[in-house]
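Single-structure report; data block below.
The values are calculated or read from the model by the stated rules, or taken from the named source; none is laboratory data. Treat the numbers as computed from the prediction; the structure is a model and nothing was measured. Cβ placement follows ideal geometry from the backbone for every residue including glycine, while neighbour counts extend to all protein chains displayed. Just so you know, the surface numbers come from the protein's heavy atoms only, side chains and all, with ligands and any DNA or RNA stripped out. Shrake-Rupley method; radii C 1.70, N 1.55, O 1.52, S 1.80 Å.
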Amino acid sequence: MGAPEVLIEGVVFGESPRWHDGRLWFSDWGSNQVIALGTDGSREVVVAVPSFPMCIDFLPDGRLLVVDSAQRRLLRHEPDGSLVSHADLSEVSDKPWNDIVVDDRGNAYVNNIGFDFPEADFAPGLVVLVTPEGRGAQVADGVAFPNGMAIAPDGQTLIVAESYANRLTA
C-alpha cells in the first residue's frame, strides 16, 4: 500500500517545492505568492511578490530567498515579515531568471535561461553565485536552458539540469 494521496486545491501554478522547518513550501506563480503547508493541513501565504516569484530556497539561518524573475532580482524575507532586495540580478542579465539553490555557507546559485522564453530564439544561459552579503558574480555560461539545480553532498559541486541539452552538468 502506497502513501495516502494529498490533494492541494487552489494552486494556480505551483513550482519549486522545498521541505523546510517541518512544512512544504512552494511558489505559486499564478497567485504571486509563496505558500507553506503544514503537516496538519494548515496553509499559510508567507509572502506575496507583486511581480513573479519564480523559485525559492532558504539561507542557513532560515530566511527565505525568492527569485523575482520579472524584476530581475533576488529577494529576502526577513524575520519581521519585510521583503527586501538581496541582490540585483539585472546587473548580470536582463533575460529571465529561473531556479535557485543555496549551499550550507549561504551562497545562492541562481540561473538565467539566456533568452525570452518562449517567444525568442534559443540563446545559452548562465549561472551566478550570490554571496550571503548579496554580491553576485557569474560562475558559468553557455548553459542550454538551465533549470533545476542541486548541491552535491560534498558541498563543492553544483549540478545543473540543462533542459535543452538533455543532460545534467556538474
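Quick notes on this one:
- When D21 is tested against (1) open to solvent by 60 Å² or more (accessible area, probe 1.4 Å); (2) more than 20 Å from G106 (Cα to Cα), just one condition goes unmet, and that condition is (2).
- Filter result (touching a strand residue (DSSP E or B) at 6+ places or on another chain (Cβ under 8 Å) and of a type in the set (D, E, K, R)) within the range 78-103: E78, D88, E91, K95, D99, D103
- Of the residues making up the range 131-152, those that are assigned to a loop (DSSP other than H, G, I, E, B) and free of Cβ contacts under 8 Å to residues at least 60 places away in the same chain are T131, E133, R135, A144, F145, A152.
- Within the range 72-86, at least one residue is free of Cβ contacts under 8 Å to residues at least 60 places away in the same chain and open to solvent by less than 20 Å² (accessible area, probe 1.4 Å).
- In this entry, A165 is excluded by the filter for residues that are in a loop (DSSP other than H, G, I, E, B), modelled with pLDDT under 95 and not hydroxyl-bearing (S, T, Y).
- Check on V47, modelled with pLDDT of 95 or more, of a type outside the set (S, T, Y), buried (at least 19 other Cβ atoms within 10 Å of the Cβ) and under 24 Å from D154 (Cβ atoms): no
- Residue that is least open to solvent (accessible area, probe 1.4 Å) [pool: residues in the range 135-151 that are closer than 13 Å to V102 by Cα and at pLDDT 95 or above]: M149
- Residue ID - nearest to the chain's Cα centre (by Cα), chosen from residues in the range 26-47 that are more than 14 Å from V11 (Cα to Cα) and without any contact (Cβ under 8 Å) to a residue 24 or more places away in the chain: G38
- Complete set of residues in the range 116-130 that are open to solvent by 20 Å² or more (accessible area, probe 1.4 Å) and either part of a loop (DSSP other than H, G, I, E, B) or not hydrophobic (A, V, I, L, M, F, W, C) (or both): D116, F117, P118, E119, A120, D121, F122, A123, P124
- Between N107, N98, N112, the distinction of being in contact with a Lys or Arg (Cβ under 9 Å, 6 or more places away or on another chain) and either surrounded by 21 or more Cβ atoms within 10 Å (Cβ to Cβ) or under 25 Å from A170 (Cα atoms) (or both) belongs to N112 only.
- The set of residues in the range 152-170 that are in contact with a Leu (Cβ under 6 Å, 6 or more places away or on another chain) and open to solvent by 50 Å² or more (accessible area, probe 1.4 Å) contains only I159.
- Cβ pairs under 7 Å, 6+ apart, first in the range 91-104 and more than 15 Å from P146 (Cα to Cα), second assigned to a loop (DSSP other than H, G, I, E, B) and open to solvent by 20 Å² or more (accessible area, probe 1.4 Å): D94/R72; D104/P60
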